[in-house]
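S.K.: Got a structure for you, questions after.
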Amino acid sequence: MKLEPHAFRHEHGRLLGALVRRLGARHFDLAEEAASEAFARAARAWPLDGVPERPQAWLFVVARNYAVDQLRRAAWLQERLPELVQPPPVDGGDDRLELTFMCCHPALQRRDQVALTLKAVAGLGTPQLAAAFLVPEATLAQRLVRAKRRLLEAGAEFELPDAEALPARLGAVLDVLYLAYTAGHQLQDGGEQGVGATLADEALRLGEGLLARPETARPQVHALLAVILLGSARFPARVGGGAFVPLAEQDRGLWDRERIAAGLGHLELAGRGDDLSTFHLLAGIEACHTLAPSFAATDWPRIVSLYDDLLQLAPSPVVRLNRALARHAGGEEPAAVLAEVEPLREALADYAPLHAALAELHAAVGDAGAARQAWETALAHAGSEPERESYRARVRALDPEATPLPPA
Amino acid sequence: MAEYMILMRENDGAWGSLSPDEQQALLERYFAWVEQLKQDGVFCGGKPLGSGGRLLRAVDGEVVDGPFTETKEVLTGYFVIEAPDLEAATAIARGCPALSHGESVELRPVGHTG
């Protein structure tokens with residue numbers, strides 16, 4: 001008997017949701033413990049007894065019994081007993097959405113919403129999350145404990161927000177999924193392809209969960225899924241030979257055609273309705289890239305205009321930088337683009353891609369000295385070995401006679 | 001041939017720190033191991049043990065009960081295997097997936113007088 005790969009991880013959110021619904025939001029910890037115990041017992045029992053006919057129900061019953069055991073002495077049990085003795089949820093019943101909204105409660109900081117959602121709903125382990133957010137495991141575990149305490153203090157309820165609160169709360173959930181995806185993106189580029197792809201896929205799966213319910217099946221959810229699918233379609237081409245491969249040099253034959261097709265499908269659905277979210281614009285930019293036959297033949301003016309719209313909706317120095325780079329790629333005077341990027345130095349002082357951009361632009365206006373210096377600054381701020389390797393290669397290309405830079 | 005019992009002990013709570021992916025990987029190792037024991041014709045049986053239960057002991061002549069989850073190590077299950085001698089049984093027990101995630105395994109002859 002074989003289980004689907006990651007069946008436990010995918011089941012985790014559903015089981016935890018079913019438990020929190022019955023135990024109440026304030027027993028989130030107990031629900032987590034019970035879910036974990038149920039999987040542990042499955043690992044012991046199923047090899048001997050076989051996989052039960054209804055694994056979901058089996059897991060629920062074991063987890064529920066465990067929770068009841070733990071609560072047996074509490075007076076509280078009297079109050080919840082009628083709900084706990086109800087039959088297991090029918091197959092296909094799904095409380096993950098409520099769980100997601102609870103984990104993305106406004107009482108929590110954004111970073112804790114992301115971590116808690118990935119732990120509770122997506123079933124990722126603390127070590128995986130610590131690796132994803134570049135913090136020690138103990139720190140991450142502490143954050144999760146504090147986040148759950150805050151949920152209790154804030155009286156977070158296990159329910160979908162009402163119609164009035166829903167748009168803002170859904171926005172927070174989408175931001176959380178987008179952050180999970182971008183964290184995956186960075187890991188992917190840093191050579192951690194396994195965890196990187198996992199985060200992107202979990203964000204995708206949770207987004208699909210939002211589409212499965214009429215209350216949350218909004219156009220901006222489709223837009224977010226388009227961003228993730230179109231962006232992650234390029235993952236296989238982004239790292240090669242131990243170095244990060246920039247878009248201009250990627251082998252477009254390595255892009256995942258199935259993901260691109262699915263992403264374009266979501267982009268079309270995102271266009272139905274009057275909503276215009278940042279995800280719509282980001283998805284539009286991604287689509288321009290994936291549809292272009294080559295870097296040179298990319299529709300740069302369209303990309304620049306999408307960045308202009310993005311700046312209206314959500315101005316940020318990173319968006320300004322990317323807009324400038326799109327203008328550069330589209331053949332704009334390098335000196336003019338350089339003048340646009342220079343003022344971003346202060347806001348993005350520690351951001352390696354800014355210095356890489358400055359280096360490209362200095363080289364384009366013929367200032368090899370300034371270019372070399374900027375590459376070295378980029379190298380010093382790079383967060384991963386593949387990124388550093390790609391910057392070293394740039395320096396070598398700039399000045400093949402020069403002494404190689406020492407490994408950072 | 002003699003029967004040996006493989007008793008698995010878990011540090012209380014060790015499982016809780018595993019992610020669902022890791023728990024599933026463990027399940028798959030148990031599947032493979034049990035399958036192998038069956039193929040080799042040495043598998044006699046086994047059962048998981050739940051953690052709810054009671055410990056009965058005599059205190060001042062009175063039998064009292066209490067949950068035994070107070071202890072740090074919990075018996076989580078057992079297998080019975082068949083092997084010619086303790087050495088051969090040890091070789092089999094070494095493959096027990098419990099050992100791959102920090103549990104300890106105790107190997108005891110069944111019914112031997114020693």
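The values are calculated or read from the model by the stated rules, or taken from the named source; none is laboratory data. Remember, predicted model here, so these are calculated numbers, not experimental data. No Cβ is skipped: glycine too gets one built from the backbone with ideal geometry, and neighbour counts run over all protein chains shown.
S.K.: Going through region A:354-408 one residue at a time, which ones are modelled with pLDDT under 90 and of a type in the set (Val, Ile, Thr)?
M.R.: Those that are modelled with pLDDT under 90 and of a type in the set (Val, Ile, Thr): A:Val395, A:Thr403.
S.K.: Return the total of residues in region B:1-23 being crowded, with 19+ Cβ neighbours inside 10 Å, at pLDDT below 90 and either not in a helix (DSSP H, G or I) or not aromatic (Phe, Trp, Tyr) (or both).
M.R.: Residues meeting the conditions: 8.
S.K.: A:Ala347 fails exactly one of the following numbered conditions: (1) closer than 26 Å to A:His280 by Cα; (2) of a type in the set (Gly, Ala, Ser); (3) over 27 Å from the mean Cα position of the chain (by Cα). What is the number of that condition?
M.R.: With (1) closer than 26 Å to A:His280 by Cα; (2) of a type in the set (Gly, Ala, Ser); (3) over 27 Å from the mean Cα position of the chain (by Cα) applied to A:Ala347, the lone miss is (3).
S.K.: Identify, from the list A:Glu258, A:Glu268, the residue that is of a type outside the set (A, V, I, L, M, F, W, C), under 30 Å from A:Phe8 (Cα atoms) and in a helix (DSSP H, G or I).
M.R.: None of the others qualify; the one that does is A:Glu258.
S.K.: Out of the residues in region A:349-358 that are in a loop (DSSP other than H, G, I, E, B) and touching a helix residue (DSSP H, G or I) at 6+ places or on another chain (Cβ under 8 Å), state the one that is farthest from A:Leu321 (Cα to Cα).
M.R.: Looking at the filtered set, the residue picked out is A:Asp350.
S.K.: What is the one condition in (1) surrounded by fewer than 20 Cβ atoms within 10 Å (Cβ to Cβ); (2) away from chain B (no Cβ under 14 Å); (3) out of contact with any Lys or Arg (no Cβ under 9 Å at 6 or more places or on another chain) that A:Ala183 does not satisfy?
M.R.: Evaluating A:Ala183 over (1) surrounded by fewer than 20 Cβ atoms within 10 Å (Cβ to Cβ); (2) away from chain B (no Cβ under 14 Å); (3) out of contact with any Lys or Arg (no Cβ under 9 Å at 6 or more places or on another chain) leaves (1) as the failure.
S.K.: Restricting attention to region A:46-57, does a residue exist that is within 11 Å of chain B (Cβ to nearest Cβ), within 16 Å of B:Asp21 (Cα to Cα) and of a type in the set (A, V, I, L, M)?
M.R.: No: zero hits.
S.K.: Scan region A:329-348 and give yes if some residue there is assigned to a helix (DSSP H, G or I), under 24 Å from A:Ala237 (Cβ atoms) and not assigned by TED's automatic domain parsing to the domain that holds A:Ala131, otherwise no.
M.R.: Yes: one or more hits.
S.K.: Just checking, which of A:Gly24, A:Gly17, A:Gly13 is more than 9 Å from chain B (Cβ to nearest Cβ), surrounded by fewer than 18 Cβ atoms within 10 Å (Cβ to Cβ) and in contact (Cβ under 8 Å) with a residue 40 or more places away in the chain?
M.R.: A:Gly24
S.K.: Of the residues in region A:142-155, how many are under 27 Å from A:Glu215 (Cα atoms) and either surrounded by 13 or more Cβ atoms within 10 Å (Cβ to Cβ) or within 23 Å of the chain's Cα centre (by Cα) (or both)?
M.R.: Matching residues across region A:142-155 total 6.
S.K.: Which one of these does A:Phe158 not meet: (1) more than 14 Å from the chain's Cα centre (by Cα); (2) part of a helix (DSSP H, G or I); (3) among the aromatic types (Phe, Trp, Tyr)?
M.R.: Condition not satisfied by A:Phe158: (2).
S.K.: Quick check on region A:121-135: of everything there that is of a type in the set (A, V, I, L, M, F, W, C) and within 16 Å of A:Leu177 (Cα to Cα), which residue is nearest to the other protein chains (Cβ to nearest Cβ)?
M.R.: Among them, the one singled out is A:Leu124.
S.K.: Let me ask another. Hey, which of the strands (runs of 3 or more DSSP E) in region B:48-114, taking only ones fully inside, have at least 1 residues that are at pLDDT 80 or above and away from chain A (no Cβ under 14 Å)?
M.R.: Result: B:73-83, B:104-109.
S.K.: OK, next. Quick check: anything in region A:50-70 aromatic (Phe, Trp, Tyr), under 34 Å from the mean Cα position of the chain (by Cα), buried (at least 17 other Cβ atoms within 10 Å of the Cβ) and modelled with pLDDT of 90 or more?
M.R.: yes
S.K.: Looking at this structure, is A:Leu224 free of Cβ contacts under 8 Å to residues at least 40 places away in the same chain and within 20 Å of A:Gln186 (Cα to Cα)?
M.R.: no
S.K.: Can you tell me which residue among A:Leu276, A:Leu247, A:Leu254, A:Leu269 is more than 24 Å from A:Leu325 (Cβ to Cβ), free of Cβ contacts under 8 Å to residues at least 60 places away in the same chain and surrounded by fewer than 19 Cβ atoms within 10 Å (Cβ to Cβ)?
M.R.: A:Leu269
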